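**Q** Just dropping this structure here.
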């Protein structure tokens, strides 16, 4: 270890308060769990947190292996660590790179380490974008590090094959919520334009170019297509219309990819089309618009795509998401706060999830799963041509900034749903609060409905053993007035 490493902790960019708290939470988990997964949503500073752990370990004379799943990601990580720690302290294990196994920090892919039978000494192993790792591959490597601490990093703790991440990690720490990141200015709010229905992969609400011209306001855009052919064709059409655009795909050479991203960041390109090539490892804060001209069967890739445009920049006050397939109807708004888990569904909405029934055994399960978890039946899927429905998109808002007219429409809808199903006024209030973080103005509620709601609150008070004032306070909070005295008998 070089002598200067111990001074780096004070030289690095200061941690944000929640980042400092997150670091301490991880160390606390390491007291009882060796393998910890750190969930850091877009904007939470995943790279800065990783840097903090690397420097802390190396400052104590310990060695670190930093692992990423793609070559461009390990090169980015190595460059970042070399800038903050020192060129001689970071070794890069990759084709065409000279090995420097004496360096206290080694950056590599799992595949390269396995293929070369390399096991650099390490007290800490960091797995970047941990949701990409297959447990079988990881277990081969992990056997060589029985006592090392393991830290997984991800914004979306969900594998595309649906397997929970509890097979690799024992504990989970969440760095920050979307709402807190927006509140503190680390992310921007997102304006969403969504179709009236989820087309489940067989159609788009509008022609993508027409939708972009209408809703994107000329903003720099990450454009996600169904196929590579679509991506190239879309870029060609945009250029013909006078909009500078280009396509990046998995086979794009690194030099060309870097050049296109640089032009995009500087404004020389307005649109970058792709399929999945730009979901991770890309940071262009000036980009404001994300256009989804494809379906998103899993919430993880959906959040990664939308996350490309949520970072703050001096030239934008918000982001724009143009959803043409209904992904926002299936997975919710991109800035919704979510619950995370190592078991079952890794990313869960706090609002209800639509369900479906298995055609073979009748089991009920979340609609986003094609395969029945009970009997394994998966309905046959025919190759479908994308249909353009020419349907109007709707502006969708979240939180207290929603225009009053939109709040009124949603309140009336909730009231209608509650009356149709015989649900209480309290249900309307709860659902309204979830959307707008405030109680609705309930001027249309009848005295009979208020009396029924107070009776319901009183029954809850008695059943739960709450203090007598519980029902009174909840009623006052809901309607802005105390319940009538004759109702309290």
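**Q** Output the residues belonging to the stretch 475-489 that are within 17 Å of residue 448 (Cα to Cα) and either in a helix (DSSP H, G or I) or assigned by TED's automatic domain parsing to the domain that holds residue 428 (or both).
**A** Result: 475, 476, 478, 479, 485, 486, 487, 488.
**Q** Return the residues of the stretch 19-73 that are surrounded by fewer than 17 Cβ atoms within 10 Å (Cβ to Cβ) and at positive phi; say none if nothing qualifies.
**A** 61
**Q** Out of contact with any strand residue (DSSP E or B) (no Cβ under 6 Å at 6 or more places or on another chain), farther than 23 Å from residue 73 by Cβ and outside any loop (DSSP other than H, G, I, E, B) - does that describe any residue in the stretch 138-149?
**A** There is no residue in the stretch 138-149 that is out of contact with any strand residue (DSSP E or B) (no Cβ under 6 Å at 6 or more places or on another chain), farther than 23 Å from residue 73 by Cβ and outside any loop (DSSP other than H, G, I, E, B).
**Q** Any chance you could count how many residues in the stretch 419-448 are over 31 Å from the mean Cα position of the chain (by Cα) and surrounded by 11 or more Cβ atoms within 10 Å (Cβ to Cβ)?
**A** Residues meeting the conditions: 7.
**Q** In this structure, is residue 247 touching a residue at least 24 places away in the same chain (Cβ under 8 Å), surrounded by 15 or more Cβ atoms within 10 Å (Cβ to Cβ), under 28 Å from residue 172 (Cα atoms) and assigned by TED's automatic domain parsing to the domain that holds residue 213?
**A** no
**Q** Can we say residue 281 is touching a helix residue (DSSP H, G or I) at 6+ places or on another chain (Cβ under 6 Å), assigned to a loop (DSSP other than H, G, I, E, B) and in contact (Cβ under 8 Å) with a residue 12 or more places away in the chain?
**A** yes
**Q** Tally up the residues in the stretch 138-166 that are surrounded by fewer than 15 Cβ atoms within 10 Å (Cβ to Cβ) and in contact with a helix residue (DSSP H, G or I) (Cβ under 8 Å, 6 or more places away or on another chain), please.
**A** Summing the residues that are surrounded by fewer than 15 Cβ atoms within 10 Å (Cβ to Cβ) and in contact with a helix residue (DSSP H, G or I) (Cβ under 8 Å, 6 or more places away or on another chain) in the stretch 138-166 gives 3.
**Q** Please list, ordered by first then second residue, the pairs with beta carbon atoms under 6 Å, 6 or more apart or interchain, first in the stretch 388-416 and farther than 19 Å from residue 328 by Cα, second at pLDDT 85 or above and part of a loop (DSSP other than H, G, I, E, B).
**A** Matching pairs, first to second residue: 411/440.
**Q** Please specify each residue of the stretch 74-92 satisfying the condition of being at pLDDT below 90, buried (at least 21 other Cβ atoms within 10 Å of the Cβ) and within 23 Å of residue 137 (Cβ to Cβ).
**A** Answer for the stretch 74-92, where residues must be at pLDDT below 90, buried (at least 21 other Cβ atoms within 10 Å of the Cβ) and within 23 Å of residue 137 (Cβ to Cβ): 74, 77, 78.
**Q** Suppose we filter 321, 329, 291 for residues that are in a helix (DSSP H, G or I) and in contact with a strand residue (DSSP E or B) (Cβ under 8 Å, 6 or more places away or on another chain); which single one remains?
**A** 329 is the lone residue from the list that is in a helix (DSSP H, G or I) and in contact with a strand residue (DSSP E or B) (Cβ under 8 Å, 6 or more places away or on another chain).
**Q** Looking at the stretch 188-202, can you tell me whether even one residue there is assigned by TED's automatic domain parsing to the domain that holds residue 286, surrounded by 16 or more Cβ atoms within 10 Å (Cβ to Cβ), under 20 Å from residue 291 (Cβ atoms) and at pLDDT 95 or above?
**A** Checking the stretch 188-202: not a single residue is assigned by TED's automatic domain parsing to the domain that holds residue 286, surrounded by 16 or more Cβ atoms within 10 Å (Cβ to Cβ), under 20 Å from residue 291 (Cβ atoms) and at pLDDT 95 or above.
**Q** Only one of 118, 99, 92 is within 17 Å of residue 69 (Cα to Cα), over 30 Å from the mean Cα position of the chain (by Cα) and without any contact (Cβ under 8 Å) to a residue 40 or more places away in the chain; which?
**A** Matching residue, one of 118, 99, 92: 118.
**Q** List the number of the failed condition for residue 30; all other conditions in (1) touching a helix residue (DSSP H, G or I) at 6+ places or on another chain (Cβ under 7 Å); (2) more than 18 Å from residue 120 (Cβ to Cβ); (3) at pLDDT 90 or above hold.
**A** (1)
**Q** Right, something else. Conditions first: (1) outside any loop (DSSP other than H, G, I, E, B); (2) within 24 Å of residue 73 (Cβ to Cβ). Residue 269 passes all but one, so which condition is the exception?
**A** Failing condition for residue 269: (1).
**Q** Right, something else. Just one of 228, 192, 174 is touching a strand residue (DSSP E or B) at 6+ places or on another chain (Cβ under 9 Å) and without any contact (Cβ under 8 Å) to a residue 60 or more places away in the chain; which is it?
**A** Residue meeting the stated conditions: 228.
The values are calculated or read from the model by the stated rules, or taken from the named source; none is laboratory data. In this text, all values refer to a predicted model and were calculated from it rather than measured experimentally. Cβ sites come from the backbone with ideal geometry, for glycine too, and all protein chains shown count toward neighbours.
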